[in-house]
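The next block holds one structure in the form of structure tokens; read it before the comments.
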Amino acid sequence: MIGVLGGYGAVGGTVARLLAGHPGLRVGGRDGAAARRFVDAELGGHGEAWQVDALDAAELARFCAGCRVVVNCAGPSYLLRDRVARAAFAAGADYVDAAGDAAAFDRPTGTQGRTAVLSAGMLPGLTGLVPRHLAALTPAAPTPTAPTSAALAPNAERGRGAGLRLDVYTGGLDRLTPAAAGDFLLAGQEERGAALAAWRDGARVARALTPVHDVQLPYFPGPVTAYPYLSAEAERVAAELGLAEARWYNVITGDGVLAAASTAGQAADLTRAAELELAGRTPYYVLLFQLSGPHGTRTLALRTRDSYALTAAVAAHAARAVLRGEVAAGLHHADAVLDPARVLADLEPVAKIEITEAVAPIDLVAPVFEEGAL
């Protein structure tokens, strides 16, 4: 039995559809009637529909009982933290989280011999997998040893990417669910990352970058705002690959979402701002990666019309990997234990992927002057 919590939502619904061929599937969420409608309409009645509130320990325990794997697609992740994982472990189930991070787990040993794969989505998840894939294709960065989560295994061997610089641009024009909006607003927490920071020479450098407005980026259809943000995942991957430098940017189309995030402070306001930006326009989402070094620049661009479908595809892939016994027991980040090439192959139905050496390196860094200096 696979239990999908939040199983009729934007991410969970697609995860459930992707796993529909599995003999046992349990779809749960706060609205039991919505879960039943989803199972009947989308799964042809082949599955269990459960009413379960992730904040209710008793309901959560009943949902997890009897499951081989629990896939958490509920949110926001900052509110749930490791609540669902611990219920899954107590029920003897393995765990996959489409979001989540190890920082939310107070005691990693709480896995009790089970397997847990966190950050198994688009961002985080795919944004950590792709840099590893590019590093493996780049002569200047030898392929890292057997995948492991160095953040959770201090003695793990780290990659040697001396002389390599990674630039990442992610964003577009898409709907924003209430759960996603909540995580967006809380992204600035210290454990989650740092705005305006970059990675350089083995350490985070605070306020190293500045936002860039009305910039044209390859693969993005028009002018955008690029906002520097070094996430916990970005920092960890840069360290594990041994990159000389890394810059991560959130790319925003229009100023409505950014203005709502900075002034409103409510998930509902942010969701509404995203709806207004999208009105009458075609949704898109781009993940653009460039790895530059002595042998040139390799670019990987991934484009989709549904960012939630990307998250779902990675989460479903992780669940299948756990079921096949391909992930060892313990607590892992998805990018450290999944095969990037196999994940990218699973994305082909929902995304267009291009790898090229024909795109010139992008450099948005402007000179930074100290106050009073000429």
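Points 7 angstrom from Cα along the Cβ direction at Ala195 and Asp363: gap in nanometres?
If labels sit at Ala195 and Asp363, their model points lie 2.7 nm apart.
For the peptides 113-122, 297-306, what is the packing order when you average, over each peptide's residues, the other Cβ atoms within 10 Å and list the highest mean first?
Numbers: 113-122: 26.4, 297-306: 19.5.
Descending mean neighbour count gives 113-122, 297-306.
Could you order the peptides 225-231, 91-97 from most to least packed, using the average number of other C-beta atoms within 10 Å per residue?
Numbers: 225-231: 21.9, 91-97: 25.0.
In decreasing order of mean packing, 225-231, 91-97 become 91-97, 225-231.
Hey, what's segment 315-360 come to in accessible area per residue, 1.4 Å probe, Å²?
Values: 2010 Å² over 46 residues.
Ligands and nucleic acids excluded, the result is 44 Å² per residue.
Could you work out how far apart the two model spin labels at Ala206 and Ala20 are, taking each label as a point 7 Å from the Cα in the direction of the beta carbon, and quote it in nm?
5.1
Considering only protein heavy atoms and a 1.4 Å probe, what is the carbon-and-sulfur percentage of the accessible area of segment 2-76? Let's see the in-between values first.
Numbers: 1540 of 3090 Å².
Carbon with sulfur: 50 percent of the solvent-accessible area.
Where does each of 41-49, 15-23, 245-253, 357-365 land if you order them by average Cβ count within 10 Å, highest first?
Highest mean packing first, the order is 245-253, 15-23, 41-49, 357-365.
For the residue pair Thr282 and Glu354, what label-to-label distance in nm results when each label sits 7 Å from Cα along the Cα-to-beta-carbon direction?
1.4
Compute the Cα gyration tensor for segment 282-349, then decide on rounded, prolate or oblate, letting a ≥ b ≥ c be the square roots of its eigenvalues: rounded whenever a/c is under 1.5, prolate when a/b is larger than b/c in the other cases, and oblate in all that remain.
Here segment 282-349 falls in the oblate category.
The values are calculated or read from the model by the stated rules, or taken from the named source; none is laboratory data. Everything numeric here is computed off the predicted structure, so don't read it as measured data. For neighbour counting, all protein chains shown are included, and Cβ atoms are generated from backbone atoms with ideal geometry for every residue, glycine included. Accessible surface areas use protein heavy atoms only, side chains included; no ligands, DNA or RNA. Shrake-Rupley method; radii C 1.70, N 1.55, O 1.52, S 1.80 Å.
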